[in-house]
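Below: one structure, written as structure tokens.
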Amino acid sequence: MTSKRTRDRLIERLIDQGVSNQAVLDVMVNTPRHIFLDEALSHRAYEDTALPIGHGQTLSQPYIVARMTEVLLGAGGEMSRVLEVGTGSGYQTAILAQLVKQVWSVERIKPLQDKARERLRLLGLRNIQLKHADGGFGWPEDALFNGILSAAAPREIPKGLLKQLAPDGVLVIPVGADTQYLTLVMRVGDSEEFKIQKLEPVKFVPLLSGVTR
Ligand code: SAH
């Protein structure tokens, strides 16, 4: 179930769905997704579906992880400092950490963060900082970021996140309540102007406020 062949099949599916960034595909084929799941579910790790990780949250569908990463990397700007909102299992964090210089990731549910930290350590990824906080406010102490990726959907684009974008920085975020769209926001140079592009309909867990222990 966790064999190279099973992973190769997943990658073929991603290509069929239009993912074309070779660096993203290479990292995804080489990153074990099963370690980000509880044992009872690990046999389903290479299916192209979202899977439960407890606390009412889900590990994002591989297609979505690939697509968001590709959009982030392809938006044009330098991608050395990236903030992720919603660490969850840590899978997307692991993918990002292998493609950019430094990753900051915020999660509001402490037990999820603890598990993610352990798995990322297991993979030997050291360019990641995790914080237990409400990611709707970003990570003000370490801003600005070239890229921000949110794995949870707010109803509207959080102003606080826009303020933490470096010049030419990009935010990739699902936006909306019942109907959500994956949205790309690009800061125009060092201005206060942002270009917004609606990409495709998606289904994410909501961005919630506050933290839980
Ligand atoms: N990329 C993750 C996705 C997890 S689901 C993965 O593949 O495992 C989205 C995560 O966002 C959940 O863990 C949820 O707890 C978290 N989340 C929701 N609102 C948040 C907020 N305001 N701040 C930080 N994390 C948040």
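Looking only at region 189-213, count how many residues are more than 16 Å from the ligand (Cβ to nearest atom), under 20 Å from the mean Cα position of the chain (by Cα) and either more than 16 Å from residue 175 (Cα to Cα) or charged (D, E, K, R) (or both). If you could, list the steps in order and put the result at the bottom.
Narrowing region 189-213 to residues more than 16 Å from the ligand (Cβ to nearest atom): 189-201.
Now restrict to residues that are under 20 Å from the mean Cα position of the chain (by Cα): 196-201.
Those left that are additionally either more than 16 Å from residue 175 (Cα to Cα) or charged (D, E, K, R) (or both): 198, 200.
Looking only at that region, the number is 2.
Take residue 52 and decide whether it is within 13 Å of the ligand (Cβ to nearest atom), open to solvent by 40 Å² or more (accessible area, probe 1.4 Å), at pLDDT 95 or above and more than 10 Å from the chain's Cα centre (by Cα).
Values: within 13 Å of the ligand (Cβ to nearest atom): yes; open to solvent by 40 Å² or more (accessible area, probe 1.4 Å): yes; at pLDDT 95 or above: yes; more than 10 Å from the chain's Cα centre (by Cα): yes.
The answer is yes for residue 52.
Show me the strands (runs of 3 or more DSSP E) found entirely inside region 126-187 where at least 1 residues are open to solvent by less than 30 Å² (accessible area, probe 1.4 Å), in contact with a Pro (Cβ under 6 Å, 6 or more places away or on another chain) and of a type outside the set (Ser, Thr, Tyr). Can you show your working first?
On the way: elements: 128-132, 145-150, 165-175, 180-187.
Result: 180-187.
Can you tell me how many residues in region 1-29 are under 17 Å from the mean Cα position of the chain (by Cα), under 29 Å from residue 114 (Cβ atoms) and in contact (Cβ under 8 Å) with a residue 40 or more places away in the chain?
3
Taking the conditions exactly as written (within 12 Å of the ligand (Cβ to nearest atom) and either under 16 Å from the mean Cα position of the chain (by Cα) or not hydrophobic (A, V, I, L, M, F, W, C) (or both)), does residue 82 satisfy them or not?
Details: within 12 Å of the ligand (Cβ to nearest atom): no; either under 16 Å from the mean Cα position of the chain (by Cα) or not hydrophobic (A, V, I, L, M, F, W, C) (or both): yes.
No; evaluated as a whole, the condition is false for this residue.
For region 131-160, enumerate the residues that are among the aliphatic types (A, V, I, L, M) and touching a Phe, Trp or Tyr at 6+ places or on another chain (Cβ under 8 Å).
The first filter runs over region 131-160 and keeps only residues among the aliphatic types (A, V, I, L, M), leaving 133, 143-144, 148-149, 151-153, 157.
Scanning region 131-160 gives 133, 151, 152, 153.
Which residues, counting only those in region 14-33, are crowded, with 16+ Cβ neighbours inside 10 Å and away from the ligand (no atom under 13 Å from the Cβ)? So that I can check it myself, show each step before the final result.
If we filter region 14-33 for residues that are crowded, with 16+ Cβ neighbours inside 10 Å, which is where we start, we get 14, 19, 21, 24-25, 27-28, 31-33.
Result: 14, 19, 21, 24, 25, 27, 32.
Test residue 67 against the criterion of being assigned to a helix (DSSP H, G or I), closer than 22 Å to residue 200 by Cβ and open to solvent by 30 Å² or more (accessible area, probe 1.4 Å), and give yes or no.
Values: assigned to a helix (DSSP H, G or I): yes; closer than 22 Å to residue 200 by Cβ: yes; open to solvent by 30 Å² or more (accessible area, probe 1.4 Å): yes.
Spelling it out, residue 67 is indeed assigned to a helix (DSSP H, G or I), closer than 22 Å to residue 200 by Cβ and open to solvent by 30 Å² or more (accessible area, probe 1.4 Å).
More than 14 Å from the ligand (Cβ to nearest atom) and of a type in the set (D, E, K, R): which single residue out of 108, 126, 119 fits that description?
Details: 108 fails: more than 14 Å from the ligand (Cβ to nearest atom); 119 fails: more than 14 Å from the ligand (Cβ to nearest atom).
Going through 108, 126, 119 in turn, the sole match is 126.
Among the numbered criteria (1) within 14 Å of the chain's Cα centre (by Cα); (2) more than 10 Å from the ligand (Cβ to nearest atom); (3) in a loop (DSSP other than H, G, I, E, B), which single criterion is violated by residue 47?
Going through (1) within 14 Å of the chain's Cα centre (by Cα); (2) more than 10 Å from the ligand (Cβ to nearest atom); (3) in a loop (DSSP other than H, G, I, E, B) one by one, residue 47 breaks only (1).
The values are calculated or read from the model by the stated rules, or taken from the named source; none is laboratory data. Remember, it's a predicted structure, so these values are computed and weren't measured experimentally. Please note: Cβ atoms are built from the backbone with ideal geometry, for glycine as well, and neighbour counts cover all protein chains shown. Heavy atoms of the whole protein, side chains included, go into the accessibility calculation; ligands, DNA and RNA do not. Shrake-Rupley method; radii C 1.70, N 1.55, O 1.52, S 1.80 Å.
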